[in-house]
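Here is the structure we will look at.
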Amino acid sequence: MNTPGTIDRDEIGTLALTVLVGVAAAGLPFLIAFVRVLGVGLRTKTEGATGVVVVSGKRLVEDRPDRDYRARLETAARVAAVSSGRILILAGRIGAASITEALAGGRMLRKLPGGLGPCIMLEQTSHDTLTNLLPLPRRDLWDTRHYRSIWTGEKLPRWHPLFPRVAMVRTSWGCRMKCSFCIVPHLCGGIHRTRPVQSGVDEIASLDVDHVYFCDDENFIDEPFAWALAEALDARGVKKRYFPWTRTTTVNRSPELLRRWREIGLDARSAPVALPRSSARA
Ligand code: SF4
């Protein structure tokens, strides 16, 4: 027995062993993941590369690329210079910009030393950048019978399956809110972009399943878009059940929008709870 208030060697040894085991256990999953990623990287073949460096745009500041966008363009220019590749800039126009993000990016690249002019291609015909960034998924490539999810909701029809076949659909990208726990504001720069309404309706109408799990970051933050999508789905006669994501503040601000979606098939929603210090950007 040791004297109270003193620490003997056994205790120090036990503590050291505990710390060692803890560190080793924590590092093992990382090591395994690292080896797997390294393996994928080493096995990946570069043959078949298109020779095109694709740059996605970013919201302009006073019609000019911001620092992040400029860095992205400069990296693309460096890669294209050593690989004799071409640069494709994808970006429409949002906000108050008077030119497209692609055009602003192209102008910046052309001013760089090295004469990149002829190898720059711009995709700016679509007003909506997301059309370019999110081509419709090839749903014919997988068997939807194997993709199921638990489904909850108020007043579901009798004998509604607990695990129906479910399809994931994205109609928008990003979010304008700043919930303190969420990574989306950091990924999307506080911007919310929507697909063209008709494109979303076409995709949902073409699904061979009745349940749609939206993977938007916030489905109803752009109220005019959410209204338009609901009306267009209804007008098209699309009968599906929906599970969206929406912030509690959005619901409180527009309960009638949720009611409208309820009419066309909304069963439940996932609602991030905003912490007191979170706030809206718009
Ligand atoms: S509303 Fe949702 S997506 Fe937007 S910041 Fe909050 S948690 Fe993230």
Margin query: How much length would be gained if the chain were fully extended between ILE264 and LEU20, taking 0.36 nm per residue of separation minus their Cα-Cα distance, in nm to one decimal?
Written below: 82.1 nm
Check: What residues have an amide H closer than 5 Å to that of ARG59, excluding those fewer than 5 places away on the same chain, when H is modeled at 1.01 Å from N in the peptide plane?
Finding: none
Note to self: Test of understanding: ordering GLU256, GLU218, GLU231 by Cβ neighbours within 10 Å, fewest first, what list do you get?
What the structure shows: GLU256, GLU231, GLU218
Margin query: Can you report the principal axis dimensions of the stretch 142-274 using only the alpha carbons, biggest first, rounded to whole angstrom?
Written below: 39, 32, 29
Item checked: Footprinting exposure proxy for ILE191, ILE99, ILE120 (fewest neighbouring C-beta atoms within 10 Å first) -> ILE99, ILE191, ILE120
Next item on the list: Would you mind counting up the charge near LEU15? Only other residues with Cβ under 12 Å from its Cβ, with Lys and Arg at +1 and Asp and Glu at -1.
Entry: -2
Notebook entry, point to check: Quick one: GLU203, GLU11, fewest Cβ neighbours within 10 Å first, how do they rank?
Noted result: GLU11, GLU203
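Taken together, the values in this text are just the output of simple stated rules run on the coordinates, not laboratory data. Nothing here was measured: the structure is a model prediction, and the numbers come from that model. Every residue, glycine as well, gets a Cβ built from its backbone with ideal geometry; the counts of neighbours run over all protein chains shown.
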